[in-house]
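Heads up: the structure comes next, in structure tokens.
Nothing in this text is a laboratory measurement; each read-out follows from the coordinates by a stated rule. These figures come from a predicted structure and were not determined experimentally. Note: ideal-geometry Cβ built from the backbone for every residue, glycine included; neighbour counts use all protein chains shown.
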Amino acid sequence: MNSELFDARAKLARLKCRESELVEELLDVHKAVAAQKLVIDELIKASAIPHINRLPNELFAQIFLLIRLEREKLACVSRRWRDIIFDTPSIWSEIHLSCYEGFPDLLELHLERSRQTPLTVSLGSNQQPELDIVLPHVNRIHVLRIFGDAGHIIDRLASFTFPALEFLHVDVHAQSADSLLSLYSRAPTLKCLQLRESYHHPFRAGTPPGHPSTSTPQNPYLNNIPFQSLAHLSLGGAMDSRRLPRDSIHFPVLESLELRTKYPMSFLEAIVAPKLQQFEFSRILHIIPEYKEFDGPLSKFDNVRHIGFAASSGGNLFPYDASDLAQEFCYVFPGVRHAKIHMQHLHPLFSPCQTVGHPHIPIDNWTRLETLEIQDFDVNKVDEDFVNWFRKRKDLGFHLKLICERRTANRMLRVSRVVLRSGVFPDVSLGVSKFIAVGQFNQVNPTDLAALARACSTEPADMLRAQFWTL
């Protein structure tokens with residue numbers, strides 16, 4: 001009897017112990033179920049957030065910088081976007097005063113949101129009241145663009161100093177350049193200067209002929225120009241540089257030069273730019289450049305490695321002077337390695353030239369040419385001179401890029417690039433990118449080149465498939 005009671009109590013104890021274990025395990029399961037429900041809820045919430053809204057604010061700010069002119073529309077998308085746009089000063093760094101005519105409060109708000117970030121300011125002839133609002137922030141202006149009949153605007157600006165101005169673009173109509181000269185004399189850190197129409201004498205004559213030149217011309221007007229700091233210079237219009245003595249203007253750090261003037265060769269003779277690396281020339285509407293032979297040493301611009309002949313506005317090149325200038329530039333810049341030319345310049349650069357003392361074909365003077373890009377390539381204007389020259393480059397590792405641009409009926413721009421290098425030639429008869437190796441470049445004949453170029457003027461659907469890049 002005692003033995004049976006003992007066994008019954010022992011079994012009860014084991015059952016109670018097991019009961020406790022099961023209850024504890026059940027509690028653990030309940031906790032695990034509750035935790036898993038939370039995980040599921042978080043996943044559901046996360047999946048409901050659009051992918052774009054998972055980007056960090058810093059990345060959003062960089063994206064908005066690329067489309068800053070649409071900032072008002074973007075700010076209406078969401079509260080988060082609005083906060084990012086309003087809290088990123090660089091998004092408000094560019095100001096077009098024409099957008100704020102009659103809205104001074106909005107302009108002041110724009111300046112407030114830009115805080116202390118550097119400013120880019122564009123203005124025209126009718127923005128005097130808006131300009132007065134911006135001028136207290138003159139120390140922050142890094143880029144200044146002036147357009148239109150804005151002589152009185154320049155007079156107003158000429159009384160201020162621009163300690164941070166690095167880029168100045170002036171495209172105005174005026175009878176005198178005195179205010180302009182005073183303006184950029186007050187920009188000690190100016191690095192890039194672009195002058196367009198319509199000053200008659202933006203550069204005055206320097207040292208008289210026969211007098212030794214110095215690092216800066218003696219004329220006080222020229223002394224105002226920040227020669228020591230200019231790295232990029234662009235001139236356009238009817239500027240008369242014929243009176244400038246040779247080697248009278250020194251640009252010690254000038255790296256790039258663009259000329260769209262009537263007398264480009266005279267200006268090249270007048271300057272000394274030992275660090276010049278890039279030159280671009282084009283003709284602008286109503287101004288026909290005058291040809292003259294370069295009167296200076298052919299080693300003067302040996303350091304120029306990049307050259308560009310852009311499309312002439314208002315139609316084709318003038319048949320004489322502009323074409324002769326393009327040929328002459330081949331001799332003025334003998335060290336060119338990379339050239340980018342418009343189709344308008346193809347004939348003068350590749351046609352035989354009878355000038356005494358010059359190579360037979362002008363472009364042959366670029367003996368170190370590595371790459372040539374021809375823009376707006378037109379097979380109907382390709383002649384035998386270009387094809388024959390192309391054959392001769394077979395052993396020089398030459399890189400040729402042909403670019404054609406066409407607009408379809410719906411105004412969508414189609415761009416085709418055809419790239420040729422030594423040892424390869426693309427077959428584009430089907431509009432499909434397929435490269436065929438050839439043994440010699442002299443196997444390329446005018447018919448082959450015409451077939452190649454014709455792909456650039458076929459239907460847009462074919463052109464989307466005909467993208468040729470470097471192997």
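What the table shows:
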| read-out | value |
| --- | --- |
| Reference-scaled alpha-carbon Rg (2.2 N^0.38 Å with N residues) for segment 1-138 | 2.39 |
| Ranked by how many other beta carbons lie within 10 Å on average, peptides 48-56, 366-374, 231-239 from highest | 231-239, 366-374, 48-56 |
| Length gained when the stretch GLN36-LYS73 is fully extended (0.36 nm per residue, less Cα-Cα span) | 9.2 nm |
| For segment 1-86, with +1 on Lys and Arg beta carbons and -1 on Asp and Glu, the positive-most of LEU74, VAL33, LEU5 along the dipole | LEU74 |
| Mean separation of Cα contacts under 8 Å, 6 or more apart, over the residue count of segment 1-126: relative contact order % | 17 |
| For segment 32-109, alpha-carbon Rg relative to the globular expectation (2.2 N^0.38 Å, N residues) | 1.62 |
| Where labels lie 7 Å past Cα in the beta-carbon direction, separation of LYS16 and SER125 in nm | 10.6 |
| Stretch gain in nm, segment GLN116-LEU43, where the contour uses 0.36 nm per residue and the Cα spacing is subtracted | 22.1 nm |
